[in-house]
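Shown next, in structure tokens, is the structure this report addresses.
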Amino acid sequence: MATKATKKDIATNRKALRDYEILEKFEAGIELVGTEVKSVRDGKININDAFGRVDGGQVFLHGCDIQPYVRASHTQHEARRTRRLLLHKKEINRLYGQTQIKGLTVVCLRAYWVGQRIKIEIGIGKGKAQRDQREDVKKREAKRDAERAIASFNQRR
């Protein structure tokens with residue numbers, strides 16, 4: 001009997017959701033070496049500055065920081081090396097086409113486990129202006145105030 005693979009978050013990039021309007025999301029595998037996987041298991045990954053770039057028909061993740069594994073033998077990986085993302089050809093072509101449009105970029109949103117595999121969620125993002133970020137904060141605060149008012153009204157009933 002097959003069990004469903006659960007998605008357990010390793011790291012999230014909250015700054016990306018603040019700075020970018022995400023238009024489309026993709027799930028990608030990531031090509032890692034053994035010490036990188038062990039380091040990720042310890043939670044030593046930082047994707048806050050990570051972004052994707054399409055080069056030569058492949059997608060690469062730049063700026064992802066996976067700290068060296070402490071208990072490794074003589075071979076060790078570079079912390080901020082470029083890593084290949086594993087996507088279908090149709091998805092790669094879609095990403096390439098979207099990144100050719102001015103103002104769109106590929107940002108790393110989160111890293112998570114699916115069973116025994118590490119997956120990276122990337123999105124096509126359009127940068128938000130400062131005023132757009134302020135509008136989002138105003139909307140969020142207005143929604144929160146409305147929910148509080150409804151909750152206090154229901155408590156008085």
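The values are calculated or read from the model by the stated rules, or taken from the named source; none is laboratory data. Because the structure is predicted, anything quoted here is derived from the model rather than measured. When we count neighbours, we look across all protein chains shown, and the Cβ atoms used for this are built from the backbone with ideal geometry, even at glycine.
Suppose the filter is among the β-branched types (Val, Ile, Thr) and closer than 21 Å to residue 15 by Cα; does residue 70 pass it?
no
Using the structure shown, decide if residue 134 is under 18 Å from residue 19 (Cβ atoms), at pLDDT below 85, of a type in the set (Lys, Arg) and outside any strand (DSSP E or B). So that I can check it myself, show each step before the final result.
Values: under 18 Å from residue 19 (Cβ atoms): yes; at pLDDT below 85: yes; of a type in the set (Lys, Arg): yes; outside any strand (DSSP E or B): yes.
So residue 134 passes the test.
Counting just the residues of the stretch 75-111 that are among the aliphatic types (A, V, I, L, M) and over 16 Å from residue 31 (Cα atoms), which one comes out surrounded by the fewest Cβ atoms within 10 Å (Cβ to Cβ)?
101
When the stretch 115-137 is examined, which residues are found to be small (Gly, Ala, Ser) and touching a residue at least 40 places away in the same chain (Cβ under 8 Å)?
Selection gives 115, 123, 125, 127.
Conditions (1) more than 29 Å from residue 75 (Cβ to Cβ); (2) surrounded by 14 or more Cβ atoms within 10 Å (Cβ to Cβ), marked per residue:
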{"site": "6", "(1), (2)": "yes, no"}
{"site": "12", "(1), (2)": "yes, yes"}
{"site": "15", "(1), (2)": "yes, no"}
{"site": "23", "(1), (2)": "yes, no"}
{"site": "30", "(1), (2)": "no, yes"}
{"site": "33", "(1), (2)": "no, yes"}
{"site": "55", "(1), (2)": "no, no"}
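Of the numbered conditions (1) loosely packed, with under 10 Cβ neighbours inside 10 Å; (2) modelled with pLDDT of 90 or more; (3) aliphatic (A, V, I, L, M), residue 129 fails exactly one; give the number of that condition.
(2)
When you go through (1) surrounded by fewer than 13 Cβ atoms within 10 Å (Cβ to Cβ); (2) more than 18 Å from residue 9 (Cα to Cα); (3) of a type outside the set (Asp, Glu) one by one for residue 63, which number turns out not to apply?
The single condition residue 63 does not satisfy is (1).
Name the single residue that is modelled with the highest pLDDT among those in the stretch 33-46 being touching a strand residue (DSSP E or B) at 6+ places or on another chain (Cβ under 8 Å) and farther than 13 Å from residue 111 by Cα.
Among residues in the stretch 33-46 that are touching a strand residue (DSSP E or B) at 6+ places or on another chain (Cβ under 8 Å) and farther than 13 Å from residue 111 by Cα, the one modelled with the highest pLDDT is 39.
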